[in-house]
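*Asks:* First the structure, which I've put down as structure tokens, then a few questions once you've had a look.
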Amino acid sequence: MRTERLAPVLAVLCLAASLASSPQETRAKKTPEQAAREAKPIIRKDLLVFGKGQIPPPRRDIFRPGYYGAPASAPTMAMRPASKPQAPKVEEPPAFVLNLTYVGSVRSGGKIVALVIRDGQTMPVAEGDEVVPGYKVVRVTPDEIEVEGPNSERKTFSRQGDRP
């Protein structure tokens, strides 16, 4: 009884083994040209260019949405008009540019600490402190604060808001 059940199982296994081995036999029977066509590499090295010419600029910026056409060719040195040498520009000292609001002061231990708002941030400063690099607090009183800029220009900021 056991052999009657085993016979169909063995027949199916033999059939499966013969089908599995037949593709390998047909591969061996192929001509070298057929084998070369089927075994093409993913990257075609014959199309790669190493060190020949210039790489063109990208057609679009992948980090910005929108369509960008082919870029205009960049002018070469021969196409650019000759420019005259320019005299070096004299650097002017920066103007006093500081956006500051003096909102109040606190007296602590004989020292006055001013509360100022700069770029939306409230910060405490005292005499000698730098509000921004180059801008130093020179004098603090309950009603005003004086700040010296990078070119020794001074500006006074009055206290804003309710006054007692």
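Coordinate-derived values only; no laboratory data. The structure presented is a predicted model; accordingly, all values stated were derived computationally and were not measured. All Cβ positions, even for glycine, are placed from backbone atoms using ideal geometry, and neighbour counts span all protein chains on display.
*Asks:* Where does each of L6, L115 land when they are ranked from fewest to most other beta-carbon atoms within 10 angstrom? Intermediate values should be presented prior to the final figure.
*Replies:* Working: L6 10, L115 16.
Listing L6, L115 from fewest to most nearby Cβ atoms yields L6, L115.
*Asks:* Sticking with this structure for a sec: Classify the range 89-151 as rounded, prolate or oblate from the Cα gyration tensor: take a ≥ b ≥ c as the square roots of its eigenvalues, call it rounded if a/c is under 1.5, otherwise prolate when a/b beats b/c and oblate if not.
*Replies:* Values: a/c = 2.85, a/b = 2.00, b/c = 1.43.
Prolate is the answer for the range 89-151, as a/c is 1.5 or above and a/b outweighs b/c.
*Asks:* Under a Cβ-only charge scheme (Lys and Arg +1, Asp and Glu -1), can you give me the dipole magnitude of the range 109-164 about the Cα centre, in debye to the nearest 20? Intermediate values should be presented prior to the final figure.
*Replies:* Details: 8 positive and 10 negative charges, 16 e Å.
Approximately 80 debye in magnitude.
*Asks:* What's the exposure ranking of D46, D61, going from fewest to most Cβ atoms within 10 Å?
*Replies:* Ranking D46, D61 by Cβ neighbours within 10 Å, fewest first, gives D46, D61.
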